[in-house]
Amino acid sequence: MRVMNRWLLMAAVLFTPLMALAELEPGEPKLPPELPPSDTNSCVEGTFAGGLIGACIGGLATRGRARWIGVPVGAVGGALLGCQIDGG
């Protein structure tokens with residue numbers, strides 16, 4: 001029984017690489033799949049400029065204690081609008 005197990009093990013070790021090589025097709029190199037084109041459009045500049053302009057408008061349009069909410073709301077609104085204008 002031991003001799004048969006050794007022969008089976010030796011046969012498996014010898015024939016496994018041959019079976020793995022038989023699955024490869026030598027004429028066709030394997031290329032990576034093509035990726036779809038990525039969106040390289042950035043709206044960083046528009047967001048920054050819109051945020052500054054919106055904060056200024058929010059500060060000018062409000063008075064007194066309302067400025068604490070007018071400036072941030074203007075900055076966020078301006079940033080969103082600036083990004084859309086810049087092409088984002």
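Can you sort Cys43, Cys83, Cys56 so the residue with the fewest Cβ neighbours within 10 Å comes first?
Working: Cys43 17, Cys83 20, Cys56 14.
Neighbour counts put them in this order, fewest first: Cys56, Cys43, Cys83.
How far apart, in nanometres, would the label points at Thr62 and Ser42 be if each is projected 7 angstrom from Cα along the Cα-to-Cβ direction?
3.1 nm
Every number in this text was worked out from the coordinates using simple rules, so none of it is lab data. Given the structure is predicted, the values throughout are model-derived calculations rather than measurements. A quick note on method: Cβ atoms are made from the backbone with ideal geometry, for glycine too, and the neighbour counts reach across all protein chains shown.
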